[in-house]
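Down below is the structure, laid out as structure tokens.
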Amino acid sequence: MPRKVEVVIEVEASADQVWRAISEPQEIAGWFAPEVSVEPGAGGSITCGWDADMKYTTPITIWEPGKHLQTASDRVKDGETFHIAIDYFIETEKGVTRLRLVHSGVGDSADWDNEIGGYEDGWAMFMAMLAHRLRHPDWPVRQATVFRMIPVPRAEAWARLTGPDGLIQLHGDGHFGVNGTEGNVEFLKPNFFRGIIPQWDDALLNLFCEAGGNVSMITVALMLFGASVDQAPTRRAEWGVILDRLFPDPARESSS
């Protein structure tokens, strides 16, 4: 039987605010992908992009404002077709809105295991970003996100990212350091970090390391609010410099 990934958040926001957060391009760009376009309605589509090499369009199959949004498409793997769907279900009761995300249609064979693990951690990260955005629904929001594919095993990559000279410094007392600023750890497990930086207008920083054999994909996703949104290009450039230092590319160094 196909497997699924399910993540639930509860927020003190209206169903309309939650709907706009998952259906309007400028809102989706605040918590999911920096580049978003939406052709609304069933039969329309959502296009999300992080850079020129990471961009995709998914058809909208259900569009019920304030209640239910679904995107779905077929995917062929090892000669078998899987109908992959992502559903957002919205329910409100006593001033609290519950958003349930269900990523379904994933195969049950062992060769899907690593991918499903990535979906579980990835959606946990994105839904936490969405929940944090909905705690500040009237603030301007902007992302500063950086990706790297590196030929380093995940355990080693994570050790570099969180080491004394890494992108973040874990203090072990519920606090962390980043760019000379202190923040509060919100969630931490191997290869997955989330923290809030009060001095940057309650910015939310996510650090995520996915594995694929001896190759790791690093995601650094910073959500900035209020007056700090103008710092997004600077922060993104800083992350890039740090990642290049931690994971030097011989080809890039020889060309320079």
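The values are calculated or read from the model by the stated rules, or taken from the named source; none is laboratory data. None of these values were measured; they are calculated from a predicted model. When we count neighbours, we look across all protein chains shown, and the Cβ atoms used for this are built from the backbone with ideal geometry, even at glycine. Surface areas here come from the heavy atoms of the whole protein model, side chains and all, with no ligands, DNA or RNA. Shrake-Rupley method; radii C 1.70, N 1.55, O 1.52, S 1.80 Å.
Using the Cα centre of the chain as origin and beta-carbon charges of +1 (Lys, Arg) and -1 (Asp, Glu), tell me which of Thr181, Val38, Pro233 is placed farthest towards the positive end of the dipole.
Thr181
Is any residue of segment 187-230 close enough, with backbone N under 11 Å, to a label point placed 7 angstrom from the Cα of Phe147 along the Cα-Cβ axis, and if so, which?
Flagged as within label range: 217-220.
If you average over every viewing direction, what projected area does the convex hull of the Cα atoms of segment 140-229 give, in nm²?
Average of the hull's projected areas for segment 140-229 equals 5.6 nm².
How large is the charge dipole for segment 1-104, taken about the Cα centre, if only the Cβ atoms of Lys, Arg (+1) and Asp, Glu (-1) carry charge, to the nearest 20 debye?
In total the dipole reaches around 240 debye.
Of the accessible area of the chain, with the probe set at 1.4 angstrom, what percent is carbon plus sulfur?
Here it works out to 51 percent.
If you place +1 on the Cβ of every Lys and Arg, -1 on the Cβ of every Asp and Glu, and leave all else neutral, what size is the dipole of segment 122-190 about its Cα centre, to the nearest 20 Debye?
With Lys and Arg at +1 and Asp and Glu at -1, about 300 debye.
What whole-number distance in Å separates the alpha-carbon centres of segment 126-164 and segment 183-230?
3 Å
As an exercise, use a Förster radius of 25 Å and the Cβ-Cβ distance of Asp173 and Ala227 to find the FRET efficiency, rounded to the nearest 0.05.
Efficiency computed from Cβ-Cβ geometry: 0.30.
Ignoring everything except DSSP H segments at least 4 long, calculate the 222 nm mean residue ellipticity for the chain; use -39,500 (n - 2.57) per segment, divide by total residues, nearest 500.
-8000 deg cm²/dmol
For Arg236 and Glu12, FRET efficiency with R0 = 22 Å and r from the beta-carbon atoms, rounded to 0.05?
0.10
In angstroms, what radius of gyration and Dmax does segment 7-76 have, counting Cα atoms only?
In Å, with Rg to one decimal and Dmax whole: 12.5, 40.
Taking 4 °C and 1.567 mPa s as the conditions, I'd like the Stokes-Einstein D for segment 1-154 in µm²/s, using the Kirkwood hydrodynamic radius from alpha carbon pairs.
Reported coefficient: 78 µm²/s.
Pull out the extension gain between Met217 and Arg100, defined as 0.36 nm times the separation in residues minus the alpha carbon to alpha carbon distance; nm, one decimal.
39.5 nm
Output ³J(HN,Hα) for segment 68-81: one whole-Hz value per residue in order, computed from phi by the Karplus curve 6.51 cos²θ - 1.76 cosθ + 1.60 with θ = phi - 60°, and x for Gly and Pro.
Working through the residues one at a time gives 8, 10, 9, 10, 7, 7, 8, 9, 9, 9, 6, x, 10, 9 Hz.
Per residue, how much accessible area does the chain show when a 1.4 Å probe rolls over the protein heavy atoms, in square angstrom?
48 Å²
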